[in-house]
2 protein chains.
Amino acid sequence: VPQGTKGNAPRSARVRVKRFHERGRYDREALDAILDAGVLCHIGFLFDGYPVVTPTLYWRHGGHVFWHGSNASRMLAAAEGADVRLTVTHLDGMVLTRSAYHHSANYRCAMLFGHAERVDGPDEKQSRLRQMFESLFPARWQQLRPVSQAELKATKILSMRIDEFSVKCREGDPQEDDADEHWPVWSGVVPLSVCAGRATASDAAAAKFSAPDFARFSAAPAINVAKTR
Amino acid sequence: VPQGTKGNAPRSARVRVKRFHERGRYDREALDAILDAGVLCHIGFLFDGYPVVTPTLYWRHGGHVFWHGSNASRMLAAAEGADVRLTVTHLDGMVLTRSAYHHSANYRCAMLFGHAERVDGPDEKQSRLRQMFESLFPARWQQLRPVSQAELKATKILSMRIDEFSVKCREGDPQEDDADEHWPVWSGVVPLSVCAGRATASDAAAAKFSAPDFARFSAAPAINVAKTR
(Lines give C-alpha, C1' and ligand atoms only; values in the text may rest on other atoms or scores of the structure.)
Protein backbone atom coordinates (compact mmCIF):
# COMPACT_ATOMS: atom_id res chain seq x y z
CA VAL A 1 0.00 0.00 0.00
CA PRO A 2 1.81 3.13 -1.13
CA GLN A 3 1.67 5.73 1.59
CA GLY A 4 0.00 9.03 0.89
CA THR A 5 -1.92 7.73 -2.11
CA LYS A 6 -5.50 8.44 -1.24
CA GLY A 7 -8.12 6.29 -2.82
CA ASN A 8 -11.80 7.11 -2.82
CA ALA A 9 -13.24 9.50 -0.30
CA PRO A 10 -14.32 8.02 3.04
CA ARG A 11 -17.81 6.58 3.06
CA SER A 12 -18.71 8.49 6.25
CA ALA A 13 -17.31 11.08 8.62
CA ARG A 14 -16.67 8.51 11.32
CA VAL A 15 -14.22 6.54 9.22
CA ARG A 16 -12.23 9.56 8.05
CA VAL A 17 -8.61 9.39 9.25
CA LYS A 18 -7.84 12.57 11.20
CA ARG A 19 -4.35 12.25 12.72
CA PHE A 20 -1.75 11.79 9.98
CA HIS A 21 -4.60 11.95 7.48
CA GLU A 22 -2.11 11.45 4.65
CA ARG A 23 -1.76 7.89 5.90
CA GLY A 24 -5.43 7.20 5.19
CA ARG A 25 -6.91 5.40 2.22
CA TYR A 26 -10.47 4.50 1.39
CA ASP A 27 -10.24 2.23 -1.62
CA ARG A 28 -11.05 -1.46 -1.79
CA GLU A 29 -7.68 -2.38 -3.25
CA ALA A 30 -5.88 -1.09 -0.16
CA LEU A 31 -8.46 -2.61 2.16
CA ASP A 32 -8.49 -6.03 0.55
CA ALA A 33 -4.69 -6.22 0.59
CA ILE A 34 -4.69 -5.74 4.36
CA LEU A 35 -7.60 -8.07 5.03
CA ASP A 36 -6.20 -10.82 2.82
CA ALA A 37 -2.79 -10.66 4.51
CA GLY A 38 -4.22 -11.47 7.94
CA VAL A 39 -6.17 -14.06 9.89
CA LEU A 40 -6.78 -12.34 13.24
CA CYS A 41 -9.13 -9.42 13.80
CA HIS A 42 -10.52 -7.67 16.85
CA ILE A 43 -14.29 -7.23 17.00
CA GLY A 44 -15.67 -4.30 18.95
CA PHE A 45 -19.25 -4.46 20.15
CA LEU A 46 -21.45 -3.36 22.99
CA PHE A 47 -22.29 -5.70 25.83
CA ASP A 48 -24.60 -4.35 28.54
CA GLY A 49 -23.69 -0.88 27.33
CA TYR A 50 -19.93 -1.14 27.63
CA PRO A 51 -17.46 -1.68 24.79
CA VAL A 52 -15.90 -5.11 24.45
CA VAL A 53 -13.01 -6.11 22.20
CA THR A 54 -12.68 -9.78 21.29
CA PRO A 55 -10.09 -11.38 19.04
CA THR A 56 -11.21 -13.92 16.49
CA LEU A 57 -10.23 -15.34 13.11
CA TYR A 58 -11.89 -13.79 10.06
CA TRP A 59 -11.90 -14.19 6.32
CA ARG A 60 -12.98 -12.12 3.35
CA HIS A 61 -14.92 -13.31 0.32
CA GLY A 62 -15.91 -10.74 -2.28
CA GLY A 63 -17.54 -7.77 -0.62
CA HIS A 64 -18.05 -9.35 2.81
CA VAL A 65 -15.99 -10.29 5.82
CA PHE A 66 -16.91 -13.27 7.98
CA TRP A 67 -16.12 -14.62 11.41
CA HIS A 68 -17.49 -17.61 13.26
CA GLY A 69 -17.58 -19.72 16.36
CA SER A 70 -19.84 -21.71 18.58
CA ASN A 71 -23.56 -21.08 18.78
CA ALA A 72 -22.90 -20.61 22.51
CA SER A 73 -20.48 -17.70 21.99
CA ARG A 74 -21.37 -14.54 23.90
CA MET A 75 -19.47 -12.41 21.42
CA LEU A 76 -21.37 -13.83 18.45
CA ALA A 77 -24.69 -13.42 20.27
CA ALA A 78 -23.93 -9.80 21.15
CA ALA A 79 -22.60 -8.93 17.70
CA GLU A 80 -25.41 -10.59 15.73
CA GLY A 81 -27.74 -7.96 14.34
CA ALA A 82 -25.71 -5.23 16.00
CA ASP A 83 -23.35 -2.48 14.93
CA VAL A 84 -19.82 -3.75 15.19
CA ARG A 85 -16.35 -2.60 14.38
CA LEU A 86 -13.84 -5.01 12.91
CA THR A 87 -10.18 -4.01 13.08
CA VAL A 88 -7.23 -5.81 11.49
CA THR A 89 -3.73 -4.63 12.38
CA HIS A 90 -0.40 -5.73 11.01
CA LEU A 91 2.51 -4.43 13.06
CA ASP A 92 5.24 -4.22 10.44
CA GLY A 93 8.08 -2.73 12.38
CA MET A 94 9.45 -0.53 15.09
CA VAL A 95 10.78 2.83 13.96
CA LEU A 96 13.60 4.12 16.16
CA THR A 97 14.80 7.70 16.07
CA ARG A 98 17.43 9.67 17.95
CA SER A 99 14.78 11.30 20.13
CA ALA A 100 12.13 9.47 22.10
CA TYR A 101 9.50 11.74 20.60
CA HIS A 102 9.81 10.64 16.97
CA HIS A 103 9.82 6.91 17.62
CA SER A 104 7.01 5.27 15.75
CA ALA A 105 5.76 2.00 14.35
CA ASN A 106 5.18 0.80 10.82
CA TYR A 107 1.78 -0.76 10.48
CA ARG A 108 -1.16 -1.47 8.22
CA CYS A 109 -4.56 -1.16 9.80
CA ALA A 110 -8.04 -1.70 8.38
CA MET A 111 -11.13 -0.61 10.30
CA LEU A 112 -14.61 -1.57 9.22
CA PHE A 113 -17.91 -0.42 10.60
CA GLY A 114 -21.02 -2.38 9.88
CA HIS A 115 -23.93 -4.48 10.82
CA ALA A 116 -23.24 -8.14 11.61
CA GLU A 117 -25.71 -10.58 10.04
CA ARG A 118 -26.04 -14.27 10.74
CA VAL A 119 -25.38 -16.61 7.82
CA ASP A 120 -28.35 -18.95 7.63
CA GLY A 121 -29.02 -22.35 6.13
CA PRO A 122 -26.70 -25.37 6.07
CA ASP A 123 -25.70 -24.97 2.40
CA GLU A 124 -24.79 -21.32 2.79
CA LYS A 125 -22.91 -22.03 6.02
CA GLN A 126 -20.98 -24.89 4.48
CA SER A 127 -20.08 -22.74 1.51
CA ARG A 128 -18.77 -19.96 3.75
CA LEU A 129 -16.69 -22.38 5.79
CA ARG A 130 -15.21 -23.79 2.60
CA GLN A 131 -14.24 -20.26 1.57
CA MET A 132 -12.53 -19.79 4.93
CA PHE A 133 -10.45 -22.90 4.41
CA GLU A 134 -9.68 -22.04 0.81
CA SER A 135 -8.33 -18.69 1.86
CA LEU A 136 -6.34 -20.08 4.81
CA PHE A 137 -5.21 -23.51 3.65
CA PRO A 138 -5.74 -23.92 -0.10
CA ALA A 139 -6.74 -27.49 -1.11
CA ARG A 140 -7.26 -28.63 2.48
CA TRP A 141 -11.06 -28.53 2.53
CA GLN A 142 -11.48 -31.43 0.06
CA GLN A 143 -9.08 -33.56 2.10
CA LEU A 144 -10.97 -33.23 5.36
CA ARG A 145 -13.56 -35.55 6.85
CA PRO A 146 -16.79 -33.94 5.58
CA VAL A 147 -18.71 -31.57 7.83
CA SER A 148 -21.75 -33.12 9.52
CA GLN A 149 -25.15 -31.48 9.86
CA ALA A 150 -24.74 -31.43 13.65
CA GLU A 151 -21.44 -29.57 13.29
CA LEU A 152 -23.00 -27.02 10.95
CA LYS A 153 -25.83 -26.55 13.41
CA ALA A 154 -23.43 -25.94 16.28
CA THR A 155 -21.54 -23.30 14.27
CA LYS A 156 -22.56 -19.69 13.97
CA ILE A 157 -21.16 -17.56 11.17
CA LEU A 158 -21.53 -13.80 11.06
CA SER A 159 -21.03 -11.65 7.98
CA MET A 160 -20.55 -7.96 7.47
CA ARG A 161 -20.84 -6.14 4.18
CA ILE A 162 -17.76 -4.08 3.35
CA ASP A 163 -19.08 -0.54 3.09
CA GLU A 164 -17.84 1.91 5.73
CA PHE A 165 -14.13 1.51 6.25
CA SER A 166 -10.76 3.17 6.43
CA VAL A 167 -7.20 2.04 5.99
CA LYS A 168 -4.28 3.65 7.78
CA CYS A 169 -0.67 2.73 7.16
CA ARG A 170 2.79 3.90 8.02
CA GLU A 171 5.79 2.55 6.21
CA GLY A 172 9.39 3.40 5.59
CA ASP A 173 12.10 5.36 7.26
CA PRO A 174 12.23 7.29 10.51
CA GLN A 175 11.26 10.95 10.31
CA GLU A 176 13.15 13.03 12.77
CA ASP A 177 14.40 16.51 13.53
CA ASP A 178 17.29 17.72 11.38
CA ALA A 179 18.89 18.98 14.57
CA ASP A 180 19.16 15.41 15.85
CA GLU A 181 21.07 14.17 12.83
CA HIS A 182 24.39 13.84 14.62
CA TRP A 183 23.14 12.56 17.95
CA PRO A 184 25.28 9.48 18.66
CA VAL A 185 22.77 6.64 18.75
CA TRP A 186 21.42 4.05 16.35
CA SER A 187 18.30 4.96 14.43
CA GLY A 188 16.43 2.96 11.86
CA VAL A 189 13.71 0.41 11.33
CA VAL A 190 13.42 -3.08 12.77
CA PRO A 191 10.88 -4.97 10.67
CA LEU A 192 8.44 -7.30 12.40
CA SER A 193 6.34 -10.01 10.83
CA VAL A 194 4.32 -13.06 11.73
CA CYS A 195 6.39 -16.15 11.02
CA ALA A 196 5.27 -19.74 10.77
CA GLY A 197 7.53 -22.13 12.62
CA ARG A 198 8.09 -25.84 12.18
CA ALA A 199 4.81 -27.70 12.00
CA THR A 200 4.34 -30.60 14.39
CA ALA A 201 2.12 -33.49 13.32
CA SER A 202 -0.41 -34.85 15.83
CA ASP A 203 0.75 -38.46 15.50
CA ALA A 204 2.50 -40.91 13.23
CA ALA A 205 -0.58 -41.34 11.01
CA ALA A 206 -0.81 -37.61 10.40
CA ALA A 207 2.92 -37.33 9.76
CA LYS A 208 2.55 -39.49 6.64
CA PHE A 209 0.95 -36.51 4.92
CA SER A 210 2.37 -33.12 4.07
CA ALA A 211 1.68 -30.14 6.27
CA PRO A 212 -0.14 -27.43 4.31
CA ASP A 213 1.62 -24.27 3.25
CA PHE A 214 0.46 -21.05 4.83
CA ALA A 215 0.32 -18.66 1.97
CA ARG A 216 -0.73 -15.88 4.33
CA PHE A 217 2.50 -15.81 6.24
CA SER A 218 5.64 -14.53 4.67
CA ALA A 219 7.98 -16.92 6.45
CA ALA A 220 9.45 -20.14 5.14
CA PRO A 221 6.84 -22.84 4.56
CA ALA A 222 6.02 -25.07 7.49
CA ILE A 223 8.19 -28.13 7.82
CA ASN A 224 6.55 -31.42 8.68
CA VAL A 225 7.98 -32.86 11.88
CA ALA A 226 6.49 -35.99 13.34
CA LYS A 227 5.92 -35.58 17.02
CA THR A 228 7.06 -38.36 19.31
CA ARG A 229 4.39 -39.05 21.90
CA VAL B 1 0.82 -20.11 31.05
CA PRO B 2 -0.23 -23.66 31.88
CA GLN B 3 -3.68 -24.33 30.49
CA GLY B 4 -6.50 -25.24 32.83
CA THR B 5 -4.71 -23.87 35.90
CA LYS B 6 -7.16 -21.38 37.28
CA GLY B 7 -5.82 -18.58 39.35
CA ASN B 8 -7.90 -16.28 41.48
CA ALA B 9 -11.59 -15.90 40.87
CA PRO B 10 -12.66 -13.27 38.35
CA ARG B 11 -12.98 -9.77 39.74
CA SER B 12 -16.43 -9.33 38.16
CA ALA B 13 -19.07 -11.26 36.23
CA ARG B 14 -18.27 -9.47 33.00
CA VAL B 15 -14.71 -10.72 32.89
CA ARG B 16 -15.58 -14.35 33.63
CA VAL B 17 -14.61 -16.65 30.74
CA LYS B 18 -17.72 -18.56 29.63
CA ARG B 19 -16.86 -20.58 26.51
CA PHE B 20 -14.03 -23.05 27.25
CA HIS B 21 -14.01 -21.68 30.79
CA GLU B 22 -11.16 -24.06 31.64
CA ARG B 23 -8.98 -21.85 29.46
CA GLY B 24 -9.59 -18.89 31.74
CA ARG B 25 -7.29 -17.51 34.42
CA TYR B 26 -7.59 -14.53 36.71
CA ASP B 27 -4.21 -14.19 38.37
CA ARG B 28 -1.68 -11.43 37.90
CA GLU B 29 1.12 -13.83 37.07
CA ALA B 30 -0.73 -15.09 34.00
CA LEU B 31 -1.83 -11.59 33.06
CA ASP B 32 1.58 -9.99 33.39
CA ALA B 33 3.23 -12.72 31.35
CA ILE B 34 0.91 -11.96 28.44
CA LEU B 35 1.15 -8.19 28.77
CA ASP B 36 4.92 -8.23 29.04
CA ALA B 37 5.29 -10.41 25.96
CA GLY B 38 3.55 -7.91 23.71
CA VAL B 39 3.69 -4.36 22.41
CA LEU B 40 0.41 -3.97 20.50
CA CYS B 41 -3.02 -3.78 22.09
CA HIS B 42 -6.48 -2.92 20.85
CA ILE B 43 -8.39 -0.30 22.82
CA GLY B 44 -12.18 -0.46 22.79
CA PHE B 45 -14.13 2.67 23.62
CA LEU B 46 -17.32 4.46 22.77
CA PHE B 47 -17.37 7.29 20.26
CA ASP B 48 -20.71 8.99 19.65
CA GLY B 49 -22.32 5.91 21.14
CA TYR B 50 -20.79 3.30 18.87
CA PRO B 51 -17.93 0.97 19.73
CA VAL B 52 -14.54 1.74 18.23
CA VAL B 53 -11.44 -0.49 18.26
CA THR B 54 -8.08 1.21 17.79
CA PRO B 55 -4.65 -0.44 17.82
CA THR B 56 -1.87 1.20 19.74
CA LEU B 57 1.35 0.37 21.57
CA TYR B 58 1.12 -0.14 25.33
CA TRP B 59 3.36 -0.94 28.23
CA ARG B 60 2.92 -2.20 31.78
CA HIS B 61 4.60 -0.89 34.89
CA GLY B 62 3.61 -2.40 38.22
CA GLY B 63 -0.15 -2.46 38.57
CA HIS B 64 -0.94 -0.19 35.63
CA VAL B 65 -0.97 -0.33 31.86
CA PHE B 66 -0.22 2.74 29.77
CA TRP B 67 -0.66 3.91 26.20
CA HIS B 68 0.07 7.23 24.60
CA GLY B 69 0.02 9.42 21.56
CA SER B 70 -0.56 12.93 20.38
CA ASN B 71 -2.64 15.41 22.31
CA ALA B 72 -4.65 15.69 19.10
CA SER B 73 -5.59 11.98 19.06
CA ARG B 74 -9.33 11.32 18.89
CA MET B 75 -8.87 7.92 20.48
CA LEU B 76 -7.04 9.36 23.47
CA ALA B 77 -9.62 12.14 23.84
CA ALA B 78 -12.50 9.66 23.76
CA ALA B 79 -10.82 7.17 26.10
CA GLU B 80 -9.68 9.73 28.68
CA GLY B 81 -11.87 9.52 31.76
CA ALA B 82 -13.99 6.83 30.12
CA ASP B 83 -14.56 3.12 30.52
CA VAL B 84 -12.31 1.29 28.13
CA ARG B 85 -11.36 -2.23 27.29
CA LEU B 86 -7.76 -3.11 26.51
CA THR B 87 -7.13 -6.40 24.73
CA VAL B 88 -3.78 -8.01 23.98
CA THR B 89 -3.72 -11.08 21.77
CA HIS B 90 -0.83 -13.34 20.85
CA LEU B 91 -1.72 -15.73 18.03
CA ASP B 92 0.59 -18.65 18.78
CA GLY B 93 -0.40 -21.14 16.16
CA MET B 94 -2.92 -22.72 13.87
CA VAL B 95 -4.33 -26.05 15.04
CA LEU B 96 -5.31 -28.31 12.16
CA THR B 97 -7.49 -31.37 12.61
CA ARG B 98 -8.90 -34.00 10.27
CA SER B 99 -12.32 -32.38 10.35
CA ALA B 100 -13.04 -28.72 9.62
CA TYR B 101 -15.01 -28.51 12.84
CA HIS B 102 -12.18 -29.11 15.30
CA HIS B 103 -9.71 -26.72 13.72
CA SER B 104 -8.61 -24.15 16.24
CA ALA B 105 -5.93 -21.65 17.12
CA ASN B 106 -3.42 -21.48 19.92
CA TYR B 107 -3.43 -18.08 21.53
CA ARG B 108 -2.90 -16.07 24.69
CA CYS B 109 -5.34 -13.26 25.26
CA ALA B 110 -5.58 -10.71 28.05
CA MET B 111 -8.63 -8.49 28.44
CA LEU B 112 -8.74 -5.61 30.86
CA PHE B 113 -11.66 -3.42 31.76
CA GLY B 114 -11.06 -0.11 33.40
CA HIS B 115 -11.14 3.60 33.57
CA ALA B 116 -8.52 5.49 31.57
CA GLU B 117 -6.87 8.34 33.44
CA ARG B 118 -4.57 10.98 32.02
CA VAL B 119 -1.03 11.06 33.35
CA ASP B 120 -0.36 14.65 34.40
CA GLY B 121 2.72 16.74 35.00
CA PRO B 122 5.95 16.79 33.02
CA ASP B 123 7.96 14.76 35.55
CA GLU B 124 5.39 12.01 35.80
CA LYS B 125 4.99 11.92 32.02
CA GLN B 126 8.72 11.74 31.46
CA SER B 127 9.01 8.96 34.00
CA ARG B 128 6.27 6.93 32.27
CA LEU B 129 7.88 7.38 28.86
CA ARG B 130 11.19 6.21 30.27
CA GLN B 131 9.46 3.09 31.59
CA MET B 132 8.04 2.46 28.12
CA PHE B 133 11.49 2.61 26.59
CA GLU B 134 13.02 0.51 29.34
CA SER B 135 10.49 -2.23 28.71
CA LEU B 136 10.82 -2.06 24.92
CA PHE B 137 14.45 -1.18 24.32
CA PRO B 138 16.51 -1.59 27.48
CA ALA B 139 19.31 0.99 27.81
CA ARG B 140 18.09 3.07 24.88
CA TRP B 141 16.48 5.89 26.87
CA GLN B 142 19.78 7.23 28.23
CA GLN B 143 21.28 7.26 24.75
CA LEU B 144 18.58 9.41 23.19
CA ARG B 145 18.50 13.14 22.70
CA PRO B 146 16.65 14.28 25.84
CA VAL B 147 12.93 14.94 25.70
CA SER B 148 11.98 18.62 25.50
CA GLN B 149 9.21 20.30 27.45
CA ALA B 150 7.38 21.03 24.19
CA GLU B 151 7.47 17.33 23.29
CA LEU B 152 6.15 16.33 26.69
CA LYS B 153 3.38 18.88 26.30
CA ALA B 154 2.39 17.51 22.90
CA THR B 155 2.20 13.95 24.29
CA LYS B 156 -0.77 12.49 26.07
CA ILE B 157 -0.35 9.39 28.21
CA LEU B 158 -3.28 7.40 29.55
CA SER B 159 -3.09 4.88 32.36
CA MET B 160 -5.42 2.17 33.55
CA ARG B 161 -5.20 0.40 36.86
CA ILE B 162 -5.06 -3.39 36.51
CA ASP B 163 -8.13 -4.57 38.39
CA GLU B 164 -10.86 -6.22 36.31
CA PHE B 165 -9.33 -8.64 33.84
CA SER B 166 -9.32 -12.11 32.42
CA VAL B 167 -6.81 -14.24 30.61
CA LYS B 168 -7.77 -16.90 28.08
CA CYS B 169 -5.30 -19.25 26.46
CA ARG B 170 -5.25 -22.31 24.28
CA GLU B 171 -2.08 -24.25 23.79
CA GLY B 172 -0.95 -27.66 22.68
CA ASP B 173 -2.21 -30.40 20.47
CA PRO B 174 -5.31 -30.74 18.33
CA GLN B 175 -8.34 -32.24 20.01
CA GLU B 176 -10.43 -34.22 17.62
CA ASP B 177 -12.96 -37.02 17.32
CA ASP B 178 -11.59 -40.51 17.89
CA ALA B 179 -13.56 -41.59 14.85
CA ASP B 180 -11.44 -39.30 12.65
CA GLU B 181 -8.15 -40.84 13.75
CA HIS B 182 -7.52 -42.64 10.47
CA TRP B 183 -8.80 -40.02 8.10
CA PRO B 184 -5.97 -39.59 5.55
CA VAL B 185 -4.87 -36.00 5.99
CA TRP B 186 -2.21 -34.09 7.91
CA SER B 187 -3.14 -32.83 11.35
CA GLY B 188 -1.07 -30.95 13.83
CA VAL B 189 0.04 -27.53 14.95
CA VAL B 190 1.80 -24.82 12.97
CA PRO B 191 3.30 -22.37 15.46
CA LEU B 192 3.17 -18.67 14.68
CA SER B 193 5.18 -15.93 16.28
CA VAL B 194 6.21 -12.34 15.74
CA CYS B 195 9.73 -12.25 14.38
CA ALA B 196 12.11 -9.34 14.17
CA GLY B 197 13.85 -9.10 10.82
CA ARG B 198 17.10 -7.43 9.84
CA ALA B 199 17.29 -3.91 11.19
CA THR B 200 18.04 -1.15 8.70
CA ALA B 201 19.88 1.94 9.89
CA SER B 202 18.58 5.35 8.80
CA ASP B 203 21.91 6.53 7.46
CA ALA B 204 25.66 6.05 7.68
CA ALA B 205 25.90 8.00 10.96
CA ALA B 206 23.31 5.75 12.63
CA ALA B 207 24.94 2.62 11.27
CA LYS B 208 28.05 3.30 13.35
CA PHE B 209 26.06 2.28 16.43
CA SER B 210 24.52 -1.06 17.31
CA ALA B 211 20.85 -1.70 16.74
CA PRO B 212 19.10 -2.49 20.01
CA ASP B 213 18.00 -6.00 20.83
CA PHE B 214 14.28 -6.63 21.06
CA ALA B 215 13.91 -8.76 24.11
CA ARG B 216 10.16 -8.95 23.54
CA PHE B 217 10.40 -10.88 20.32
CA SER B 218 11.55 -14.43 20.30
CA ALA B 219 13.34 -14.27 16.97
CA ALA B 220 17.04 -13.80 16.40
CA PRO B 221 18.32 -10.40 17.49
CA ALA B 222 18.14 -7.64 14.94
CA ILE B 223 21.13 -7.33 12.70
CA ASN B 224 22.50 -3.92 11.91
CA VAL B 225 22.51 -3.27 8.20
CA ALA B 226 23.50 0.13 6.89
CA LYS B 227 21.04 1.32 4.33
CA THR B 228 22.41 2.71 1.07
CA ARG B 229 20.50 5.82 0.15
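A few remarks follow.
- Per-peptide average of other Cβ atoms within 10 Å, ordering A:78-90, B:194-206 highest first: A:78-90, B:194-206
- Listed residue pairs exceeding 26 Å between alpha carbons, taken from A:LYS18/B:LYS125; A:LYS18/B:LYS168; A:LYS153/A:LYS208; A:LYS168/B:LYS156; A:LYS208/B:LYS18: A:LYS18/B:LYS168; A:LYS153/A:LYS208; A:LYS208/B:LYS18
- Cβ-Cβ FRET estimate between A:LYS153 and B:HIS21, R0 fixed at 22 Å, reported to 0.05: 0.50
- Each Lys and Arg contributes +1 and each Asp and Glu -1, all at the Cβ; summed about the Cα centre of the protein assembly as shown, the dipole is approximately 160 debye.
- Summing Lys and Arg as +1 and Asp and Glu as -1 over all other residues whose Cβ lies under 12 Å from the Cβ of B:ARG98 gives a net charge of -4.
- For B:ASP120, the label point sits 7 Å beyond Cα toward Cβ; its separations from the matching points on the remaining copies run 5.4 nm, from shortest to longest.
- Surface per residue (accessible, 1.4 Å probe) for chain B, Å²: 43
- Counting Cβ atoms of other protein chains within 10 Å of each Cβ in B:109-120 and taking the mean gives 1.
- Distance histogram for chain A (every C-alpha pair counted, 10 angstrom bins, percent rounded to whole numbers): 7, 25, 30, 23, 11, 3, 0
- Per-copy distances of the B:PHE20 label point, shortest first, in nm (7 angstrom along Cα→Cβ): 3.3
- Exercise: per-residue mean of other protein chain Cβ atoms within 10 Å, A:127-133: 1
- Solvent-accessible area buried by pairing A with B, both sides, nearest 100 square angstrom, 1.4 angstrom probe: 7300
- Note on exposure: A:MET111, A:MET94 ranked by accessible area (1.4 Å probe, complete protein assembly) read A:MET111, A:MET94, with the most exposed listed first.
- Carbon/sulfur fraction of accessible area - the range A:50-128, other protein chains in place, 1.4 Å, %: 46
- The label-point distance for B:ASP173 and A:GLN143, in a model that sets each label 7 Å from Cα toward Cβ, rounds to 2.0 nm.
- Within the range A:115-204, the proportion of C-alpha pairs whose separation exceeds 15 Å stands at 78%.
- Lys/Arg +1, Asp/Glu -1 at C-beta; chain A dipole; positive extreme among A:ALA37, A:ILE157, A:ALA72: A:ALA72
- Euclidean distance of C-alpha centroids, the range A:79-116 and the range B:128-162, integer Å: 21
- Take the Cα of B:ASN8, step 7 Å toward its Cβ, do the same at A:ARG198, and the gap between the two points is 4.0 nm.
- Highest-fluctuation residue, A:GLY69, A:GLY49, A:GLY188 considered, GNM on chain A with Cα pairs under 10 Å: A:GLY49
- Calculated label separations, B:GLU134, copies of the chain, 7 Å along the beta-carbon direction, nm: 5.4
- For the range B:88-95, 3J(HN,Hα) computed residue by residue from phi via the Karplus equation (6.51, -1.76, 1.60; θ = phi - 60°) reads 10, 10, 10, 8, 9, x, 9, 10 Hz, glycine and proline entered as x.
- Inter-chain Cβ neighbour average for residues B:90-102, partner chain, 10 Å: 6
- The residue among B:PHE209, A:PRO122, A:PRO174 whose Cα reaches farthest toward the positive pole of the charge dipole of the protein assembly as shown, with charges on the beta-carbon of Lys, Arg, Asp and Glu, is A:PRO122.
- Delta accessible area of at least 40 Å² on complex formation, residues of the range A:42-64, 1.4 Å probe, chain isolated as reference: A:HIS42, A:LEU46, A:TYR50, A:PRO51, A:VAL53, A:PRO55, A:LEU57
- Against the empirical curve 2.2 N^0.38 Å, the C-alpha radius of gyration of the range A:50-167 lands at a ratio of 1.30.
- In summary, the range A:166-211 shows an alpha-carbon radius of gyration equal to 2.32 times the 2.2 N^0.38 Å reference for compact globular proteins.
- Over the range A:8-56: Kirkwood hydrodynamic radius from C-alpha pairwise inverse distances, Å: 13.1
- Alpha-carbon Debye profile of the protein assembly as shown, log10 I(q)/I(0) at 0.10, 0.13 Å⁻¹: -0.75, -1.30
The values are calculated or read from the model by the stated rules, or taken from the named source; none is laboratory data. Being a predicted model, the structure only gives us computed values, none of them experimental. In this analysis, Cβ positions are derived from the backbone assuming ideal geometry, glycine residues included, and neighbour counts consider all displayed protein chains. Quick note on the areas: whole protein, heavy atoms, side chains included, nothing else; ligands and nucleic acids left out. Shrake-Rupley method; radii C 1.70, N 1.55, O 1.52, S 1.80 Å.
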